[in-house]
Amino acid sequence: MKAQIKRKRASSASLFLMELMVAILFFTLSASVCITLFVRAHIQSEKAKALNHALNICSDTAEIVRTSQSISDTASCIGSVYEYAVRTGDSNPYEISIYFNDNYLPTPQSNLAKVETIQLTETDSTLSAAISFTDDNGEEVYHLDVVHAKEKDLL
């Protein structure tokens, strides 16, 4: 009779351990799926943040181009807004680069910075700009083309 009682205890203990192992396995798998989803959401959030900043910076520059009447006017306005703006191209197209740090604030030239590049071209009646924003890996985050019709002199 004692042997029979010991068998029931042993079989119920092993069943409990098996249920416990299955529960731990289930929660481990659930936790790994949740962690993967949280990491993907964080990466997507960072990309959206970078795109939003790039869009705002390029839009601000586009507004400067839209209110200017010449390349020199545009370059002087950009230089007054961004103190670290640097001319990087030859005369045609006129190219300006502005470097940004990780907080999207203008910074002196650096290899590890995000870069906004503005290529300006001018005809008799239009002022065009190709504005691109690249991240610190050199990948283009946002690109914006702007064409502005210059006002005719009435005098």
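Descriptive notes on the structure:
- For residue 97, the conditions (1) at pLDDT 90 or above; (2) of a type in the set (Ser, Thr, Tyr); (3) under 13 Å from residue 136 (Cα atoms) are fulfilled apart from (3).
- The range 103-126: number of residues that are within 20 Å of the chain's Cα centre (by Cα) and in contact (Cβ under 8 Å) with a residue 12 or more places away in the chain: 12
A quick yes/no check of all residues on (1) in a helix (DSSP H, G or I); (2) crowded, with 16+ Cβ neighbours inside 10 Å:
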{"site": "60", "(1), (2)": "yes, no"}
{"site": "64", "(1), (2)": "yes, yes"}
{"site": "97", "(1), (2)": "no, yes"}
{"site": "116", "(1), (2)": "no, yes"}
{"site": "142", "(1), (2)": "no, yes"}
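- Positions within the range 99-112 being surrounded by fewer than 20 Cβ atoms within 10 Å (Cβ to Cβ) and either among the hydroxyl-bearing types (Ser, Thr, Tyr) or part of a loop (DSSP other than H, G, I, E, B) (or both), in sequence order: 101, 102, 103, 104, 105, 107, 108, 109, 110, 111, 112
- Of the listed requirements (1) small (Gly, Ala, Ser); (2) at pLDDT 90 or above; (3) over 24 Å from the mean Cα position of the chain (by Cα), residue 12 misses just one: (2).
The values are calculated or read from the model by the stated rules, or taken from the named source; none is laboratory data. It should be emphasised that the depicted structure is a prediction, and the values quoted were computed from it without experimental measurement. Methodologically, a virtual Cβ is constructed for each residue, glycine included, from the backbone with ideal geometry; neighbour enumeration extends over all protein chains shown.
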